[in-house]
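Colleague: Structure provided below as C-alpha cells; questions to follow.
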Amino acid sequence: MEARKKRALVMMVVVMGLLVGQSAASFKDCYAKCFIFCMIEPTQTLCSCSTHCLKDCIFPESQNDLREDQKDNANFCKLGCAVSICSSISSRGKPNGDKMDDCVGSCSKTCTKSRSLP
C-alpha cells in the first residue's frame, strides 16, 4: 500500500511539472493531463479513462452552459469517431497525447467533410 501512495505522489509531481508554464491548453495537453489523473484512481480502467478524457477534451467546460441545440454537431461526430478509432492508442503508463491529437484531428476532418456534403 505504501508503494502505491509513493507511485501516486511521483505521478502527481511529474504531472505538475509538465503543466507548469502551459497557458493555452490544446487537445493534446488536455488529454494527457486528464488521462494521467484518471489512471491514478484505482477504480478506473483504461477504457473508461480514454472515453472520459476524450469527452472532456472534445467538449470543454466552456460549452457546458450552452443549450443542447446550440452545441456543434460536428463535436458529437468527432467524439464518436474518437471513441471508436482513437481510444486504443493510450496505454496505462503512456497517454500518447501526440498520437491522440493526430487521431482526433483526423476525426475532425472526417466529420467536417461529412457535414459539408449535400
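Colleague: State which residue pairs qualify: first residue within 16 Å of Ser91 (Cβ to Cβ) and inside segment 21-38, second residue modelled with pLDDT under 90 and not in a helix (DSSP H, G or I) in any location, beta carbons under 6 Å apart, and separation of 6 or more residues or different chains.
Modeller: Pairs found: Cys38/Gln44.
Colleague: Taking segment 80-115, which residues are buried (at least 17 other Cβ atoms within 10 Å of the Cβ) and of a type outside the set (A, V, I, L, M, F, W, C)?
Modeller: Listed by number, the residues that qualify are Ser87, Ser90, Pro95, Asn96, Gly97, Asp101, Ser108.
Colleague: Given (1) surrounded by 13 or more Cβ atoms within 10 Å (Cβ to Cβ); (2) at pLDDT 55 or above; (3) over 18 Å from Gly105 (Cβ atoms), where does Asp29 come up short, assuming only one miss?
Modeller: (3)
Colleague: Going by what's in this entry, would Val10 be described as under 28 Å from Ile85 (Cβ atoms) and modelled with pLDDT under 85? Full working, then the answer.
Modeller: On the way: under 28 Å from Ile85 (Cβ atoms): no; modelled with pLDDT under 85: yes.
Here the answer is no, as Val10 does not meet what is asked.
Colleague: I would also like to ask the following. Please go through segment 62-98 and pick out each residue that is in contact with a helix residue (DSSP H, G or I) (Cβ under 8 Å, 6 or more places away or on another chain), in a helix (DSSP H, G or I), at pLDDT 85 or above and not acidic (Asp, Glu).
Modeller: Cys77, Lys78, Leu79, Cys81, Ala82, Val83, Ile85, Cys86, Gly97
The values are calculated or read from the model by the stated rules, or taken from the named source; none is laboratory data. Predicted, not measured: the structure shown is a model, and the values here were computed from it. Here Cβ is always computed from backbone atoms with ideal geometry, including for glycine, and neighbour counts include all displayed protein chains.
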